[in-house]
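Report on the following structure.
The values are calculated or read from the model by the stated rules, or taken from the named source; none is laboratory data. This is a predicted model, so every value here is computed, not measured. Reconstructed Cβ throughout: ideal geometry from the backbone, glycine too, with neighbour counts over all protein chains shown. Only protein heavy atoms, including side chains, enter the accessible area calculation; ligands, DNA and RNA are left aside. Shrake-Rupley method; radii C 1.70, N 1.55, O 1.52, S 1.80 Å.
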Amino acid sequence: MTDGVHPATPHRRRPRYAGKYPRRFEDKYKERSPERYPDTVAKVLASGKTPAGTHRPIMVAEALEALRPQPGEVAVDCTIGYGGHAREILARIQPGGRLIGLDVDSVELPKTEARLRALGFGPEAFRAHRSNFAGLPKVLAAQQLPGADVILADLGVSSMQLDDPARGFTAKFDGPLDMRMNPQRGQPASALLQRLDAESLATLLTENADEPHAQRLAAALAGQRLATTRDLADAIRRALPRACRDEEREDSIRRVFQALRIAVNDELSALDALLRSLPACLNPGGRVAILAFHSGEDRRVKKAFEAGRRDGLYADISREVIRPTRAERYDNPRSTAAKLRWARKAM
Ligand SMILES: C[S@@+](CC[C@H](N)C(=O)[O-])C[C@H]1O[C@@H](n2cnc3c(N)ncnc32)[C@H](O)[C@@H]1O
């Protein structure tokens, strides 16, 4: 049988899991099909959680206020992720506008492209490119575009990446210690840990995550063979002083994971390259907004925008950092660390 919308699929038993609700990512098949199970997804959202396999866009109203996308404009979403921001920008640049969506994630990008196509955005309005945003000038040149009117970068990882144990981004789930946003390129975090000496690892933990126990943890972790996220989390717990409270241990685990992820994906070099290329990639009067999630990112954005303003490249920049509202932080705890800054290119 088919209901005319969903192709007929053979009857399958409900996956077995203990309790009323599934806990493992693989069992959350309803959340991962929001089109088929809107009621389940609505319940998960109402509980303040992100449905598995999706991403809730952060500070959408604030980003749109800064970017002011207009019909007919060219927009670039440097980090398209699930397409939440892209979808809103696309709606505002019609008729006649086009959006180029970049992402390094070879697993999620085709799904996002299909989702936006299903919303009616054809190739004349929207194109997806698997590209690092460090290569933005090349992407624009390949499209024969002199520049963009609107550029957005929502940095860091998506909830799809975080919540899928197979991607190995978090200690919350056991999985391979990978952390690559593009699993087809580079080396997983396990290989990086094995390769680094204690001094380089300590520097990385301090620079990428301000980890207070950097020296001690680096001495215990550098050169180790740690294959899974659980192996790493256990090794961190063992290495911390006995006097540490559970909360402090969990904070260190979160920071070590963040520091390694930034290094595995060379995130700060990519951000520096993007910030350098932005003035040349924006059309006169063009707007850029960047959402950062830790101090290392936000510091770079702030400095680059201030320098651009001093040099006359930007006509205006955000005076203060813009933070999510209390309501958004309550509704979506993953928005808590977000910091938005914007700049407008001179005419
Ligand atoms: C926070 S998510 C973006 C979510 C998106 N704004 C949405 O509404 O669904 C960040 C995305 O940026 C991608 N990403 C991170 N660094 C990147 C880079 N240097 N170049 C391109 N994409 C990158 C990640 O793969 C991830 O999909």
Meets criteria (basic (Lys, Arg), open to solvent by 30 Å² or more (accessible area, probe 1.4 Å) and assigned to a strand (DSSP E or B)) for Arg127:
yes
Flag if Ser295 is modelled with pLDDT under 95, within 26 Å of Gly186 (Cα to Cα) and open to solvent by 30 Å² or more (accessible area, probe 1.4 Å)
yes
The one condition in (1) part of a helix (DSSP H, G or I); (2) of a type in the set (D, E, K, R); (3) open to solvent by 40 Å² or more (accessible area, probe 1.4 Å) that Arg242 fails to fulfil:
(1)
Hey, which of the helices (runs of 4 or more DSSP H) in region 41-124, taking only ones fully inside, have at least 3 residues that are buried (at least 20 other Cβ atoms within 10 Å of the Cβ) and near the ligand (Cβ under 9 Å from one of its atoms)?
84-93
Report whether or not Leu145 is more than 16 Å from the ligand (Cβ to nearest atom), closer than 15 Å to Val256 by Cα and open to solvent by less than 40 Å² (accessible area, probe 1.4 Å).
no
Only residues that are in contact with a strand residue (DSSP E or B) (Cβ under 6 Å, 6 or more places away or on another chain) and farther than 13 Å from Ile80 by Cα: list them for region 146-171, please.
Gly147, Ala148, Asp149, Val150, Gly168
Of everything in region 169-185, what is within 18 Å of Arg230 (Cβ to Cβ) and within 16 Å of the ligand (Cβ to nearest atom)? Give them in sequence order.
Phe169, Thr170, Asp178, Met179
Quick check: is even one residue across region 251-261 open to solvent by 40 Å² or more (accessible area, probe 1.4 Å), among the acidic types (Asp, Glu) and either within 16 Å of the ligand (Cβ to nearest atom) or closer than 29 Å to Ser190 by Cβ (or both)?
yes
Being buried (at least 22 other Cβ atoms within 10 Å of the Cβ) and touching a residue at least 60 places away in the same chain (Cβ under 8 Å) is the requirement here; does Leu278 meet it?
yes
Going through region 272-286 in order, the residues found to be touching a helix residue (DSSP H, G or I) at 6+ places or on another chain (Cβ under 8 Å) and more than 16 Å from the ligand (Cβ to nearest atom) are Pro279, Ala280
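Yes/no matrix, rows are residues, columns are (1) assigned to a helix (DSSP H, G or I); (2) of a type outside the set (A, V, I, L, M):
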position	(1), (2)
Arg180	no, yes
Pro183	no, yes
Ser190	yes, yes
Pro212	no, yes
Ala219	yes, no
Arg225	no, yes
Glu250	yes, yes
Tell me, which residue of region 192-229 that is open to solvent by 30 Å² or more (accessible area, probe 1.4 Å) and among the small types (Gly, Ala, Ser) is nearest to the chain's Cα centre (by Cα)?
Ala227
